[in-house]
Amino acid sequence: MSSPVQLIVGLGNPGPKYEQTRHNVGFVFVDELARSKGASFKLENKFHGDVCKLSLAGHDIWLLKPNTFMNLSGKSVAALARFYKIAPESMLVVHDELDIPPGQLRLKQGGGHGGHNGLRDMITQLVSKEFIRLRVGIGHPGQSRDVSNYVLGKAPRDEQIEIDVAIDEALHTLPQIIDGELQAAMNHLHSRK
C-alpha cells in the first residue's frame, strides 16, 4: 500500500491553441474527473494554475492544471504542494507518453523524466522523483526531430478514440489509486489491450 493520493496534477499547456493536442491528455483527464463530480476549476494565481477540490473514494483531493506551460509545470505543483503540505508520494501526475502506443496506460511510482520536460521541471522543483505517474500513451512519430510538432498536434480520430477510452478506464480505476492500492490498479490498467 502506498500513501493515499491528495493531489492529482494534469499536465498540459494552457489556452485554446493547445486544447485538443496530444500533450494535453493530463488536462483532459482532470477536466473529465471534475466534470464527473460536478466540480469546476478556479484560477489560483498563488499556485500558477487552475485548482479544484473534490471528494473521491472517501478522500479530499486537489486537482491542478498548471498555467505555466509544460516546461515549467513544477513551479505550479511545488507552490500548491508546499502550501498544503502534500508530499510527492501523495501526488498523481497524469501526462502523455511517447513510448507507449495510443490508448495504452502505465502506472508507476518514481522514476526519471524520460525526456518529458514537464516531469523534468517537477523533479527539479520538488527535489523528488517519488510522485505517482499515470502515463497515457500517445505513440511516437518515429523521428526525434518530429516530436515537438507531434505532441503539439492533434491525434487522428481513431487514435483519439483509443486515448479517450483509456482515460475513461483510468478514471474508473482512480479509487484504487487514490487509496494507495497501486499494484491492483497496475494489474488492471497494464492488462488492457
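No lab work stands behind these numbers, since they all come straight from the coordinates. The model shown is predicted, which means the values in this text are computed figures rather than measured ones. Ideal geometry is used to build each Cβ from the backbone, glycine not excepted, and the neighbour counts take in all protein chains shown.
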Could you compute the FRET efficiency for residue 71 and residue 184, with r as their C-beta to C-beta distance and R0 at 25 Å, rounded to 0.05? 0.15
Among beta bridges assigned by DSSP with both residues in the stretch 7-190, the antiparallel ones amount in percent, to the nearest 5, to 55
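With a 10 Å radius around each residue's Cβ, average the other Cβ atoms per peptide and rank 94-105, 5-16, highest first. Kindly include the intermediate steps, with their values, before the conclusion.
Numbers: 94-105: 20.1, 5-16: 21.8.
Going from most to least packed, we get 5-16, 94-105.
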Obtain the nm distance between the two label points defined at residue 40 and residue 146 by a simple spin-label model: each point lies 7 Å from its Cα along the Cα-to-C-beta direction. 4.1
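Just subtract the alpha-carbon distance of residue 192 and residue 2 from 0.36 nm times their residue separation and send over the number in nm, one decimal.
Details: separation 190, 0.36 × 190 = 68.40 nm, distance 2.25 nm.
Between residue 192 and residue 2, full extension yields 66.1 nm more.
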Counting pairs of alpha carbon atoms under 8 Å apart in space and at least six apart in sequence, what relative contact order in percent does the chain give? 27
Take peptides 40-52, 110-122 and line them up by average Cβ neighbours within 10 Å, highest first, as a rough protection proxy. 110-122, 40-52
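Compute for the stretch 110-161: radius of gyration divided by Kirkwood radius, i.e. Rg/Rh, restricted to C-alpha atoms, rounded to two decimals. Don't skip to the answer; put the middle values down first.
On the way: Rg = 13.3 Å, Rh = 12.8 Å.
Rg/Rh for the stretch 110-161 comes to 1.04.
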Please report, in whole Å³, the volume per residue of the convex hull around the C-alpha atoms of the stretch 23-101. 109
In the chain, with Lys and Arg counted as +1 and Asp and Glu as -1 at Cβ, which of these residues, 160, 51, 172, has the Cα nearest the positive end of the dipole, that is, farthest along it? 51
Computed helical MRE - 222 nm, the chain, DSSP H runs ≥ 4 contributing -39500 (n - 2.57), nearest 500: -11000 deg cm²/dmol
Using +1 on the beta carbon of Lys and Arg, -1 on that of Asp and Glu, and nothing else charged, what's the dipole of the stretch 7-190 about the Cα centre, debye to 20? 640
Give the order of 191, 55 when sorted by the count of other beta carbons within 10 angstrom, beginning with the fewest. 191, 55
What helices does the chain hold that run 24 Å or longer along their axis, going by alpha-carbon atoms, with a Kyte-Doolittle average of -1.0 or more, using DSSP H for the helix calls? 157-178
Ordering of 57-65, 73-81 by burial proxy (mean other Cβ atoms within 10 Å per residue, highest first): 73-81, 57-65
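Provide the percentage of antiparallel DSSP beta bridges, counting only those with both residues in the stretch 65-149; round to the nearest 5.
Details: 5 of 11 bridges.
Of those bridges, close to 45 percent are antiparallel.
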Please identify the trypsin sites (Lys or Arg not before Pro) of the stretch 124-188 that satisfy two criteria: DSSP loop assignment and at most 14 other Cβ atoms within 10 Å. Which are they? 154
Could you tell me which of 122, 4, 132 has its Cα farthest along the dipole of the chain towards the positive end, charges placed at Cβ (Lys, Arg +1; Asp, Glu -1), taken about the Cα centre? 122
